[in-house]
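Notes for the one structure printed next.
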Amino acid sequence: MAVTTMIGARIHRREDPRLVSGEGRYVDDFTRPGTVFLSVVRSPFAHALIKSIDVSQATKAPGVVAVYTHKDFAKVLSGTMPVTPSFVAEKKQIPPRFPIAEKEVVYQGEPVAVVLAETKYQASDASNLIDVEYEQLPAVMDLDKALEAKSPKVHSGAPDNLGWDLTYIPDDAAVMKEADVVIKARILQQRLAPTSMETRGVLAEYSKPDGTLTVWMSSQSPHFVRLFLGGAMGIPENRLRVISPDVGGGFGAKISPYSEDWLVPAAAKLSGRPVKWIESRTESLLTTTHGRGQVFEVEAGAKKDGTLVFIKATQYLDIGAYMGTFAAFQACACLLAGGAYNWKHVAARTVGVLTNKVPTDPYRGAGRPEATHLCERAIDLLAGELKMDPAELRRKNFITTFPHTNHFGLVFDSGAYEKAMDMAMGIAGYEKLRQEQEEGRKKGKYLGIGMSSWIEICGFGPSAATAPATGGIALVESAQVRVFPTGSVAVYVGTHSHGQGHDTTFPQIVADTLGVPYDSIELRHGDTAEGPAFGYGTYGSRSLAVGGMAVHKASKKVVDKARKLAAHLFEAAEEDVVFDQGQFYVKGSPDKRKAFGEVAFASYGAGLPEGMEQGLEAVAYYDPSNFVWPFGTHIAVVEVDAETGHVDLKRYIAVDDCGNIINPMIVDGQIHGGVAQGISQALYEEIIYDDESGQMRTGTFTDYLVPSANEFPVFELGRTITPSPTNELGVKGIGEAGTIASSVAVINAICDALSPLGIKHVDMPASPDRLWKQIQQARGASSNGKEARK
Ligand code: MCN
């Protein structure tokens with residue numbers, strides 16, 4: 001690999017001046033002549049039968065162009081919404097999902113009818129005139145209750161509410177008996193709303209004469225939408241164009257296709273008019289897939305000397321009313337339950353449970369924050385039982401030899417876990433903090449130090465592992481590099497940047513590989529009409545480790561062709577031509593050079609070597625041999641006010657290792673955002689439904705607490721670099737790392753702070769209300785002499 005100056009350069013994101021000055025172009029900025037606006041009539045109930053729908057008043061309302069219900073959409077849409085079920089082999093039940101309800105609604109917010117009108121206000125007003133007669137049915141909202149035999153069924157007539165039940169590894173009772181101490185915990189991962197700044201939105205234009213459909217959509221994976229939507233509408237991929245322009249965040253919730261992604265294009269076909277729908281914030285909280293929504297039963301055991309023996313995790317995952325396209329993926333929490341440690345035995349089981357709520361699907365980290373949380377909580381609980389320092393217990397049990405094959409057959413490519421922990425402890429001043437804690441406790445201060453030594457699997461993914469899991473589609477990645485006659489370069493990729501800075505980092509890779517100026521390279525993505533035939537989108541922190549490698553591979557193909565041409569121009573043998581930072585020369589004659597641009601120009605001219613075609617461009621698909629395995633240690637320092645339950649997050653230290661770095665500034669930015677999201681889960685965010693009525697109680701930002709920068713301390717970052725042996729760039733992903741690591745670091749710190757009260761575990765969000773009650777209970781118990789109070 002040519003090493004020059006751009007890979008590793010801490011340069012500003014080139015997309016930012018455009019995005020922060022209002023020049024970004026999001027779905028709502030696009031319009032087509034004659035566009036009508038769509039409003040969705042949604043079920044107000046969590047579970048009900050639709051007895052009748054009267055649209056007569058709405059049809060007569062001002063500006064209304066059409067009103068459509070299930071029977072209309074059934075004429076232009078076939079099949080059901082896509083699901084990747086094969087990930088969970090022992091699947092029990094995948095309720096078929098049509099994008100709009102026909103006879104039964106199974107979650108609040110499910111589409112029942114749509115109105116098309118000349119303005120969005122007319123569409124919204126008219127949707128209130130649609131009279132739907134419902135017969136309310138009992139809803140089941142609670143995960144535990146849903147599993148009871150006598151509970152109402154989420155779908156009428158269904159045998160039970162079980163989505164899946166899969167034991168990956170059963171108990172090994174003989175090994176489990178070897179443990180001297182055993183801890184048990186029930187850990188809640190509350191439902192979260194992935195609240196990107198830009199809500200979802202779709203604009204669709206159908207041309208009847210030529211049978212083409214163009215869709216503008218806020219999506220992380222436009223090619224997948226084209227594949228699935230084309231199937232549903234019977235439109236071949238060469239007549240269907242999906243454009244994801246600037247996307248204001250996705251956080252995993254814009255991977256899977258949604259009802260509206262089908263209804264808007266279908267309405268465009270039915271009405272013969274371009275149709276636009278932009279999701280409101282309340283619709284977003286109610287109907288965009290939620291994240292997490294899980295309960296873990298965890299058991300772990302260790303020897304007296306701190307040697308870890310076993311960890312057992314049972315995951316109960318609240319699927320919601322239908323299975324999200326990638327819902328089963330969240331079961332990967334089980335595969336990483338052992339974390340960064342050597343355990344003699346790991347047992348894991350995942351149970352997917354249907355409830356009358358909006359489906360859950362991947363949200364930043366998807367399975368890996370949950371795995372880190374359960375494992376790192378178990379480590380701290382064991383350390384408490386063993387009366388060992390949590391850092392010491394970690395150090396004693398870290399995996400140290402690589403590649404390492406875990407209990408599930410996954411191969412960790414490289415790591416240096418202790419090094420990252422040592423650096424984090426150094427930055428934190430760990431020993432001093434422990435002393436301060438000791439002294440503070442004497443004065444009644446509840447200071448806590450929490451650690452999270454995280455690992456993750458990302459860079460999805462190798463075809464051998466992903467094709468069986470997705471039902472046949474291998475998650476590889478594509479790129480096309482085009483060099484124009486005067487030397488400027490356009491790069492087309494199948495990944496989609498919606499905040500991750502690809503416009504900057506991918507050209508950094510190309511600049512070094514081709515040896516051309518960074519400013520001469522443009523990145524294009526998000527339009528299925530451009531670039532390679534298929535792209536696999538952005539999620540699972542895969543864009544660099546897979547997509548960046550495709551870019552690198554395509555660039556190298558271009559260099560190979562240019563080298564052949566340079567040899568011809570030099571009248572030398574190809575193997576004698578040296579390519580050095582954008583210049584070609586013949587071995588032994590370094591003074592006589594041809595710049596890459598000269599060769600590019602020549603490639604469009606006459607007199608090429610025999611058999612060589614004009615032009616200088618290449619397409620590459622990259623299929624990695626393995627996933628990549630970043631890691632690190634985060635440390636949170638908190639003080640809990642025992643009188644109010646308020647948590648003051650005093651410091652946050654994050655040491656992460658994502659292999660070689662393309663752009664340190666962008667990596668830091670990704671860590672900042674990710675850490676903020678994880679802390680927010682630990683302290684603030686929670687989607688709440690009323691168990692009785694099935695109504696969501698957090699339908700606005702007044703009830704659903706999203707923090708601002710003011711709620712966070714300045715993050716103290718450190719970095720170790722352990723290159724990945726999996727790819728030539730030596731890179732690993734970083735887009736989810738902060739979220740994966742941080743929630744449990746904060747919770748471990750709170751538990752540490754409250755340990756003098758005998759509190760061993762707190763659930764998320766650790767809101768003042770929840771903590772105050774727990775503190776009151778603990779104090780009550782201690783005044784009854786049941787718990788020790790220091
Ligand atoms: N990078 C780097 N060197 C590394 C690793 C990464 O320079 N060793 C750079 C990459 O080149 C890229 C960025 O860091 O510019 C993130 O790369 P990567 O880790 O490959 O992650 P992805 O680009 O695939 O992003 C996906 C990830 C996920 S899964 C979610 S969810 C998420 C996230 O990124 N959603 C985001 N970060 C987000 N950031 C914003 N602003 N908005 C979202 O919706």
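The values are calculated or read from the model by the stated rules, or taken from the named source; none is laboratory data. Please read all numbers here as calculations on a predicted model, not as lab measurements. For neighbour counting, all protein chains shown are included, and Cβ atoms are generated from backbone atoms with ideal geometry for every residue, glycine included. Note: accessible area is taken over every heavy atom of the protein model, side chains too, but ligands, DNA and RNA are not part of it. Shrake-Rupley method; radii C 1.70, N 1.55, O 1.52, S 1.80 Å.
Tabulated data for the structure shown
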quantity: Long-range HN-HN contacts of V132 with modeled amide H, under 5 Å; calculated: D54
quantity: Rounded, prolate or oblate (a/c below 1.5 giving rounded, otherwise prolate when a/b exceeds b/c) for region 16-171 by Cα gyration tensor; calculated: oblate
quantity: Efficiency of FRET between Y121 and H12 - r from beta-carbon atoms, R0 45 angstrom, step 0.05; calculated: 0.65
quantity: Over region 359-491 - Rg/Rh using Cα atoms and the Kirkwood inverse-distance radius; calculated: 1.14
quantity: Equivalent ellipsoid semi-axes - Cα gyration tensor, region 252-376, angstrom; calculated: 40, 12, 11
quantity: Among beta bridges that DSSP assigns inside region 448-589, antiparallel share in %, nearest 5; calculated: 65
quantity: For region 89-205, with +1 on Lys and Arg beta carbons and -1 on Asp and Glu, the positive-most of V106, I169, Q136 along the dipole; calculated: I169
quantity: Sparsely packed GluC sites (Glu not before Pro) within region 587-660, loop by DSSP, other Cβ within 10 Å at most 15; calculated: E610, E613, E643
quantity: Those lysines that a straight Cα-Cα span of less than 29 Å connects to K556, excepting residues fewer than 8 apart in one chain; calculated: K564, K587, K592, K594, K732
quantity: Charge sum, other residues only, whose C-beta stays under 14 Å from Q435's C-beta, Lys/Arg counted +1 and Asp/Glu -1; calculated: +1
quantity: Extension gain, M665 back to E610 (0.36 nm per residue minus Cα-Cα distance, nm); calculated: 15.2 nm
quantity: Qualifying trypsin sites (Lys or Arg not before Pro) in region 345-447, DSSP loop, other Cβ atoms within 10 Å at most 16; calculated: K387, K443, K445
quantity: Accessible area expressed per residue, the chain, with surrounding protein chains retained (probe 1.4 Å, Å²); calculated: 37
quantity: Net charge over other residues, Cβ less than 14 angstrom from the Cβ of K564 (K, R count +1; D, E count -1); calculated: -2
quantity: Rg to Rh, two decimals, where region 227-288 supplies the alpha carbon set and Rh follows Kirkwood; calculated: 0.97
quantity: Stretchable slack from A416 to K396, in nm (0.36 nm times residue separation minus alpha-carbon distance); calculated: 5.8 nm
quantity: Alpha carbon Rg of region 642-790, scaled by the compact-globule rule 2.2 N^0.38 Å; calculated: 1.30
quantity: 20 Å Cα-Cα threshold exceeded, pairs from K357/K760; K153/K357; K387/K650; K303/K396; K51/K145; calculated: K357/K760; K387/K650; K51/K145
quantity: Cβ crowding within 10 Å averaged over residues, with 710-720, 673-683, 621-631, 74-84 ranked highest first; calculated: 673-683, 621-631, 74-84, 710-720
quantity: Stokes-Einstein D (µm²/s) once Rh is taken as the Kirkwood radius of region 109-174 over alpha-carbon pairs, at 25 °C in 0.890 mPa s; calculated: 150
quantity: Global geometry of region 514-603, whether rounded, prolate or oblate, following the gyration tensor of its Cα atoms and the 1.5 cut on a/c; calculated: prolate
quantity: Stretchable slack from A529 to S151, in nm (0.36 nm times residue separation minus alpha-carbon distance); calculated: 131.2 nm
quantity: Spread of Cα-to-Cα distances over 5 Å intervals beginning at zero, given as percent, for region 92-227; calculated: 2, 6, 8, 12, 14, 14, 13, 10, 7, 5, 3, 2, 2, 1, 0, 0
quantity: Longest to shortest principal axis, alpha-carbon extents of region 562-701, angstrom; calculated: 83, 38, 28
quantity: Peptide ranges 135-141, 307-313 listed from the most packed, as the mean C-beta count within 10 angstrom indicates; calculated: 307-313, 135-141
quantity: Antiparallel content of DSSP bridges confined to the chain, in %, to 5; calculated: 80
quantity: Stokes-Einstein diffusion coefficient of the chain, Kirkwood radius over Cα pairs, 37 °C, 0.692 mPa s, in µm²/s; calculated: 118
quantity: Rg [Å, one decimal], Dmax [Å, integer] - region 313-415, C-alpha atoms; calculated: 15.6, 46
quantity: Long-range amide H partners of D246 with built H, under 5 Å; calculated: R25
quantity: Distance cut-off 21 Å, percentage of C-alpha pairs in region 1-79 lying past it; calculated: 64
quantity: Binned Cα-Cα distance frequencies in region 600-676 - 5 Å width, integer %; calculated: 3, 10, 12, 11, 9, 9, 8, 8, 8, 6, 5, 3, 3, 2, 2, 1, 0
quantity: FRET E, pair A781, K387, Förster distance 22 Å, beta-carbon r, rounded to 0.05; calculated: 0.55
quantity: Stokes-Einstein diffusion coefficient of region 648-693, Kirkwood radius over Cα pairs, 25 °C, 0.890 mPa s, in µm²/s; calculated: 184
quantity: Longest to shortest principal axis, alpha-carbon extents of region 437-554, angstrom; calculated: 74, 40, 22
